[in-house]
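Heads up: the structure comes next, in structure tokens.
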């Protein structure tokens with residue numbers, strides 16, 4: 001059974017648009033195995049963020065079904081963690097207290113937080129140390145660099161041990177060197193914990209380096225028009241990004257995106273099976 005299962009999903013944002021047949025995404029179908037890392041790429045406005053809202057239960061489909069972890073998605077999911085381009089750390093909380101926030105508000109942790117606070121804090125500190133933030137646990141966000149803040153944001157998304165991590169352009173605002181460092185951080189966390197990952201990104205190199213499978217979306221209304229498995233062996237290090245095999249995959253994906261940027265949403269590009 002697929003861990004993430006979208007079956008013929010269409011979404012219009014309100015009843016008026018639905019009546020007019022104007023959809024943000026249309027006919028979305030994909031199945032993702034447990035522990036798999038997928039990336040979604042495509043031109044701006046193609047529906048990548050809409051897909052994320054469907055995957056988190058923040059939006060319900062107008063047509064079709066979304067099933068995650070064997071359960072139909074009918075509302076916000078507790079088994080997911082999310083990180084965005086802006087870390088959005090609370091400035092009055094230390095780094096470790098920012099990371100602990102989900103444990104204060106998500107069940108079953110919330111009801112036992114006071115009694116197990118020391119245990120949960122130890123978990124948060126260990127997670128921060130695992131991403132290179134040892135010694136910064138008691139610093140405030142304004143005392144951290146952008147890359148450090150994003151590391152803390154990813155820790156916050158993972159501290160309650162979700163089964164799926166959703167990442168919406170998490171490294172887009174960082175410089176190239178910091179971005180590549182965080183690719184490796186995410187790679188190592190995924191290898192150690194085996195959670196599912198859905199990454200939305202504009203960076204084709206990022207998608208190929210991190211993902212098992214890359215999906216390309218067409219212009220709005222968004223549809224998956226290319227599915228490309230990444231046959232690069234794991235574990236991957238940054239040296240692989242300079243190899244012909246890596247570059248060929250990036251160029252192939254760029255060619256697909258270039259083709260349907262100049263066409264309508266129904267570009268007709270086949271999805272390989």
- Message: With the structure loaded, tell me whether residue 227 is at pLDDT 90 or above and closer than 21 Å to residue 28 by Cα or whether it fails that test.
- Response: yes
- By residue number, the members of region 90-123 that are in contact with a helix residue (DSSP H, G or I) (Cβ under 6 Å, 6 or more places away or on another chain), at pLDDT below 95 and not in a helix (DSSP H, G or I) are 113
- Message: If I filter region 165-180 for residues that are more than 17 Å from the chain's Cα centre (by Cα), surrounded by 16 or more Cβ atoms within 10 Å (Cβ to Cβ), in a helix (DSSP H, G or I) and modelled with pLDDT under 95, do I get at least one hit?
- Response: yes
- Message: Of the residues 65, 80, only one is within 27 Å of residue 221 (Cα to Cα) and in contact with a helix residue (DSSP H, G or I) (Cβ under 7 Å, 6 or more places away or on another chain); which?
- Response: 80
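Per-residue answers, yes or no, for (1) within 24 Å of residue 121 (Cα to Cα); (2) in the same structural domain as residue 56 (by TED's automatic domain parsing); (3) surrounded by fewer than 17 Cβ atoms within 10 Å (Cβ to Cβ):
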{"residue": "136", "(1), (2), (3)": "yes, no, no"}
{"residue": "140", "(1), (2), (3)": "yes, no, yes"}
{"residue": "143", "(1), (2), (3)": "yes, no, yes"}
{"residue": "148", "(1), (2), (3)": "yes, no, no"}
{"residue": "193", "(1), (2), (3)": "yes, yes, yes"}
- residue 74 passes all but one of the listed conditions (1) more than 21 Å from residue 256 (Cβ to Cβ); (2) assigned by TED's automatic domain parsing to the domain that holds residue 211; (3) touching a residue at least 24 places away in the same chain (Cβ under 8 Å); the exception is number (3)
- Query: From the set of residues in region 135-146 that are modelled with pLDDT of 95 or more and under 25 Å from residue 80 (Cα atoms), which is nearest to the chain's Cα centre (by Cα)?
  - Reply: 141
- Residue set 244, 235, 221; condition assigned by TED's automatic domain parsing to the domain that holds residue 45, surrounded by fewer than 15 Cβ atoms within 10 Å (Cβ to Cβ) and modelled with pLDDT under 95; output residue 235
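The values are calculated or read from the model by the stated rules, or taken from the named source; none is laboratory data. For clarity, every value in this text was computed on a predicted model and none was experimentally measured. Every residue, glycine among them, receives a Cβ derived from its backbone with ideal geometry; neighbour counts consider all protein chains shown.
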